[in-house]
Amino acid sequence: MNNVIEIEHLTKSYGKNRGIIDVSLKVKAGDIFGFLGPNGAGKSTTIRSMMGFLKTDSGSIRILGMDSVNDHEKIMANIGYMPSEAWFYDSMKVSEVIAYAADIRGLDCREEAEKLCERLKVNTNKKIRELSYGNKKKVSIVCAMQHKPKLFIFDEPTGGLDPLMQRSFFELITEYVDKGATCLLSTHVLSEVNKYCRSAAIMREGRLTMLDSPDIDDDEFLKFYEDTEEEA
Amino acid sequence: MRKIFLKELKMNLKALLIWSLSVGGMGLACILLYRTMEGDMKEMAEAFSHMGSFSDAFGMSTLSIATIKGFFATEVGAVHGLGGSMFAALMGVGMLSKEEELHTGEFLFSFPVSRKKIISAKALCIAVMIILFTLISAGLYVCGFALLGEKLPAGEFVTYMGMQLIMDLEIAGICFAISSIFAKTKTGLALGTSLMCYAYDIIGRVVPDVKQYLFIGPFSYSNASDIFSGAEIQGKAIAFGITVTILSIVFAYICYDKRDLSS
């Protein structure tokens, strides 16, 4: 299996509002794929469609060689997902959330979770409601990584993380990818794409354009944003 | 699915205890009040039984509130009926929508569990909560009878609590269906549904034209006065109630499985 993600002519609209239009995308196994684009361009809609949160209008999504609708549970078993905003059940402790995320998958992930918590400096004794935005993000990273999935999908993962944690996060991704995983991450931070991604695409106005290389300069990158603002 | 079910049970345990002890406790207090009011009750019961439609609506034309059975049916019957239906409505209406309202949906739905299984776990949790609510309340009422040294009319009591259980499941089912539509918990709509059902039953017992359609409302087959006065339970009303419950749950499955989940 060469392509871990295969999206063909995906369209999703929200009533009269545009979502994404005719998006086609392939992500190869072992890739760290950067997904760029201004706010409202359709990055999260694409990701949320892949995760099955949204019902698409047309097109198809295949993940790990399986159909995203018919094989939803099997696909989810092999995905580590981190949403742009990390929300958990407030009354639970961090350790309970992490254990719950493993239990629900029917896995014993204690060893990996412990390692991740140590690397990311996660205090597992605190209640979720006591955590800052950044610390919730770190819990979200642990929940997404502890079961060592084949595919990581991260929606703006580094927002709220301090620079040291951002570095630890990308080190972890690189380690997992070196062991055979694949990663798709949406971001606004060009330097992250330049530094860590092996291929990239940019979304604008619901349409996707593949980039020849993730090494694009600031001016070229900002052109996508400026054009969008002018059109708006 | 089991993990989701257990987590829901744990998270709703506090609400269950508050509601069951409050409603059951109020019922228990009512039962214990009977002894102190017993002396004055005979004249009052006579007066209440001759108040026409009012007596019919509250079951005092068929049962004397001067007896413990009649007192339980009219007083505790109203407290438990209203309290139970409100608890069921609140349980049902928040169970699905809270995931989107509290933004925990993306966490929950990123696990290898289908939406159908999540709905099943949550529906099962509601059912178990309502059963536990009924058992705890019933236990407190039984304690009330024991403390007064009065004989519990066991047959009628079990029938009444059973019918209340079916009624609460019906109201929870309707509210569960409402919960599947909206991304915000519609507490007002749920409580309104519960109170409207109660009001419909009262109106149905007073207005002759509505009487033949009384069976539509869930309070019709679970009315304490009817059960404790030995009136025949309407099979049609129970069948209608169970049908509404099933259809509501099926609706919740279809609706929730097909719609977009907000972040």
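Of note:
- Among B:HIS80, B:GLY149, B:LEU195 - extreme Cα towards positive end, dipole of segment B:78-195, charges at beta-carbon: B:LEU195
- Between helix A:133-145 and chain A: long-axis angle, C-alpha atoms, 0 to 90°, nearest 10: 90 degrees
- Between helix A:163-178 and chain A: long-axis angle, C-alpha atoms, 0 to 90°, nearest 10: 80 degrees
- If you take all other residues with their beta carbon under 11 Å from the beta carbon of A:VAL23, and give Lys and Arg +1 and Asp and Glu -1, the sum is +1.
- Interchain or long-range residues, amide H under 5 Å from A:PHE152's placed H: A:GLY80, A:THR182, A:CYS183, A:LEU184
- Based on C-alpha pairs under 8 angstrom that are at least 6 apart in sequence, segment A:97-201 has a relative contact order of 26 percent.
- Kirkwood Rh, angstrom, the protein assembly as shown [1 / mean 1/r, Cα pairs]: 25.7 Å
- Measuring nothing but how far apart in sequence close Cα pairs (under 8 Å, 6+ apart) lie, relative to its length, segment B:2-258 scores a relative contact order of 28 percent.
- Global geometry of segment A:1-89, whether rounded, prolate or oblate, following the gyration tensor of its Cα atoms and the 1.5 cut on a/c: rounded
- Cross-link partners of B:LYS69 among lysines, defined as those whose alpha carbon lies under 29 angstrom from its own and excluding same-chain residues fewer than eight positions apart: B:LYS42, B:LYS151, B:LYS211, B:LYS236.
- Accessible area per residue, Å², segment B:2-258 with all protein chains present, probe 1.4 Å: 42 Å²
- Summed buried accessible surface, chains B and A, 1.4 Å probe, nearest 100 Å²: 2400 Å²
- Segment B:127-160 and segment B:241-263: distance between their alpha carbon centers, rounded to Å: 32 Å
- Across segment A:71-82, computed HN-Hα scalar couplings (Karplus, 6.51 cos²θ - 1.76 cosθ + 1.60, θ = phi - 60°) run 10, 3, 5, 5, 5, 4, 5, 10, 10, x, 10, 10 Hz from first to last residue, x flagging Gly and Pro.
- For segment B:166-178, Karplus couplings with θ = phi - 60° (6.51, -1.76, 1.60), whole Hz, Gly/Pro x: 5, 5, 5, 5, 5, 5, 4, x, 4, 6, 5, 5, 4
- Put a plus charge on the Cβ of each Lys and Arg, a minus charge on the Cβ of each Asp and Glu, and nothing anywhere else: the dipole of segment B:2-258 about its Cα centre is then about 1140 debye.
- Amide hydrogen neighbours beyond the local backbone of A:LEU208, cut-off 5 Å, H modeled: A:SER24
- Near A:VAL4, the amide H atoms lying under 5 Å from its own belong to A:VAL27, A:LYS28, A:ALA29; only residues 5 or more places off or on other chains count, and H is placed 1.01 Å from N.
- Local electrostatic count at B:GLU150 - Lys and Arg +1, Asp and Glu -1, tallied over other residues with Cβ under 12 Å: +2
- Listed peptides A:8-17, A:23-32 by packing density, highest first (mean Cβ within 10 Å): A:23-32, A:8-17
- Highest to lowest packing among B:198-211, B:118-131, scored as the average C-beta count within 10 Å: B:118-131, B:198-211
- Scattering curve values for chain B, log₁₀ I(q)/I(0), Debye with Cα scatterers, q = 0.07, 0.10, 0.15 Å⁻¹: -0.27, -0.53, -1.04
- Global form of segment B:106-195, assessed from the alpha-carbon gyration tensor, a/c cut-off 1.5: prolate
- When the listed pairs A:LYS126/B:LYS10; A:LYS16/A:LYS74; A:LYS150/B:LYS122; A:LYS16/A:LYS43; B:LYS186/B:LYS258; A:LYS74/B:LYS10 are checked against a 22 Å cut-off, the alpha-carbon distance exceeds it for A:LYS16/A:LYS74; A:LYS150/B:LYS122; A:LYS74/B:LYS10.
- Of all accessible heavy-atom area on the protein assembly as shown, the percent that carbon and sulfur account for (1.4 Å): 58 percent
- Shielding of peptide A:64-74 by partners, expressed as the average count of other chain Cβ atoms within 10 Å per residue Cβ, is 1.
- Of the residues B:LYS14, A:LYS223, the one with the largest accessible area comes first in the ranking B:LYS14, A:LYS223, computed with a 1.4 Å probe on protein heavy atoms.
- Cα gyration tensor category, rounded, prolate or oblate, for segment A:96-137 with a/c compared to 1.5: oblate
- Cα centroid separation, segment A:151-189 to segment A:1-50 (Å): 18 Å
- Structural descriptor for chain A: relative contact order 28 percent, calculated from alpha carbon pairs under 8 angstrom and at least 6 residues apart.
- Each other residue within a Cβ distance under 11 Å of A:VAL4 adds +1 if Lys or Arg and -1 if Asp or Glu, for a net charge of +2.
- 3J(HN,Hα) from dihedral phi, segment A:187-194, Karplus parametrisation 6.51/-1.76/1.60, rounded to Hz, x for glycine, proline: 7, 9, 9, 4, 4, 5, 5, 4
- Rounded to 10°, Cα long-axis angle of helix B:115-148 versus longest principal axis of chain B: 20 degrees
- Accessible area (Å², per residue) of chain A, counting only protein heavy atoms and a probe of 1.4 Å: 45 Å²
The values are calculated or read from the model by the stated rules, or taken from the named source; none is laboratory data. Note that this is a predicted model, so its numbers are computed, not measured. So basically every Cβ, Gly included, is an ideal-geometry build from the backbone, and we count neighbours across all protein chains shown. These area figures cover heavy atoms from the full protein model, side chains too; ligands, DNA and RNA do not enter into them. Shrake-Rupley method; radii C 1.70, N 1.55, O 1.52, S 1.80 Å.
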